[in-house]
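Novice: Can you read through this structure? Questions will come right after.
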Amino acid sequence: MTVEIVSIRDVPAGELLFHAGTPATEAFVVKEGTVTVLAFDRNGEERPVATAGPGHIVGEAALLAPGPYPYSARAESDTHCLVIDRHALDGKLDASDPFIRALFDILSGNLESILDKITAADRRRE
Amino acid sequence: MTQILNRRLVTEGSVIFREGDSGTSAYVVQSGRVRIVKGMESSTPVLLGHVEEGGLFGEMALIDNSPRMASAVAETSAVLIAIPEDTMRRKLGDADPVLRMIVTIMIRMIRYKSTDARLEQSALSELEAAAADTPERPGDGDAA
């Protein structure tokens, strides 16, 4: 079966959208419901650090250079999501105008460096 | 700033655009180095990064019509190739609607720093329509 770039997925309350440390292959746009972002604290325990609601994006690591999810995400209520599949996205980008591919790569690099800066600032605050 | 066709020669220290301006061009750095600074005129300017030869900057305001999120300053004298707004729009307009949407999502995330990014309902509906249009898709709850 061909995997589409964007698909619709319902995640029941309590289920994980993705696990920290697993390869980031899908980004989630929350359409309805609430998602809790869980990060590891200094003792290695996962605890809630943020909440995402309609319009928010979680798992954005899937839009960056290949790597793992830095945090986990759990559906707090029954959640309706739009899922962006990175593999299918790459296929589409490779088949499109090189301008669009280049634009995507630049944005991806910019996003990564901004997220790195935020992470570094968070660490300093801890 | 000297402008010859699409090419601009900027001298060291000159401001290419200012935060808050409305954008009319994106730029590719042909030679030299450009500094991107947020809050340039404030007491606590933040250096967002440098754009080196071959790099693109100033593209975001053209895509989502927001004002420039930061200022661009020539760190060295530089030669820039301006990509006009209509060229950018045409390229994006010709692209797959899903790709266009994803590019917009990424720009929102860059602007509003990841978790603060939120798509408005119209953008969500557009993306959902694109997803629903596709003939084959994994079923709900499927781990694709």
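The values are calculated or read from the model by the stated rules, or taken from the named source; none is laboratory data. Quantities reported herein were computed from a predicted structural model and do not represent experimental measurements. Backbone-built Cβ (ideal geometry, glycine too); neighbour counts: all protein chains shown. Accessible surface areas use protein heavy atoms only, side chains included; no ligands, DNA or RNA. Shrake-Rupley method; radii C 1.70, N 1.55, O 1.52, S 1.80 Å.
Novice: When A:PRO66 is evaluated against the numbered criteria (1) open to solvent by 30 Å² or more (accessible area, probe 1.4 Å); (2) out of contact with any Pro (no Cβ under 9 Å at 6 or more places or on another chain), which criterion, by number, is the only one it fails?
Specialist: (2)
Novice: Note down all Cβ pairs under 9 Å where the first residue falls in the stretch A:105-126 and is within 7 Å of another protein chain (Cβ to nearest Cβ), the second is hydroxyl-bearing (Ser, Thr, Tyr), and they're at least six residues apart or on different chains.
Specialist: The qualifying pairs are A:LEU111/B:SER114; A:ILE114/B:SER114; A:LEU115/B:SER114; A:ILE118/B:SER114; A:ILE118/B:THR115.
Novice: Whether any residue in the stretch A:21-44 is over 14 Å from the mean Cα position of the chain (by Cα), more than 22 Å from B:ILE107 (Cα to Cα) and crowded, with 21+ Cβ neighbours inside 10 Å is what I want to check.
Specialist: Checking the stretch A:21-44: not a single residue is over 14 Å from the mean Cα position of the chain (by Cα), more than 22 Å from B:ILE107 (Cα to Cα) and crowded, with 21+ Cβ neighbours inside 10 Å.
Novice: Mind listing just one residue for me: the one in the stretch A:5-20 that is open to solvent by 40 Å² or more (accessible area, probe 1.4 Å) and within 12 Å of chain B (Cβ to nearest Cβ) and, of those, nearest to the chain's Cα centre (by Cα)?
Specialist: So in the stretch A:5-20, the residues open to solvent by 40 Å² or more (accessible area, probe 1.4 Å) come out as A:10, A:12-16, A:19.
Filter once more, so that each one left must be within 12 Å of chain B (Cβ to nearest Cβ): A:10, A:12, A:15-16, A:19.
Working: A:ASP10: 16, A:PRO12: 18, A:GLU15: 16, A:LEU16: 13, A:HIS19: 11 Å.
Looking at the filtered set, the residue picked out is A:HIS19.
Novice: Then there's this: What single numbered condition from (1) under 16 Å from B:MET109 (Cα atoms); (2) open to solvent by less than 20 Å² (accessible area, probe 1.4 Å) fails to hold for A:PRO54?
Specialist: Just one mismatch for A:PRO54, condition (2).
Novice: A further question on this structure: Pairs under 7 Å by beta carbon, first residue of a type in the set (Asp, Glu) in the stretch A:72-83, partner open to solvent by less than 40 Å² (accessible area, probe 1.4 Å), six or more apart or different chains?
Specialist: Every condition considered, the pairs that remain are A:GLU76/A:VAL35; A:GLU76/A:THR36; A:ASP78/A:GLY33.
Novice: Also: Quick one: would you say A:LEU93 is under 26 Å from B:GLU128 (Cα atoms), within 8 Å of chain B (Cβ to nearest Cβ), in contact (Cβ under 8 Å) with a residue 60 or more places away in the chain and of a type in the set (A, V, I, L, M, F, W, C)?
Specialist: No; evaluated as a whole, the condition is false for this residue.
Novice: Have a look at B:ARG7, B:ARG18, B:ARG89, B:ARG35 and point out the one that is over 30 Å from A:ILE118 (Cα atoms), in contact with a strand residue (DSSP E or B) (Cβ under 9 Å, 6 or more places away or on another chain) and not acidic (Asp, Glu).
Specialist: Every option except B:ARG7 fails the conditions.
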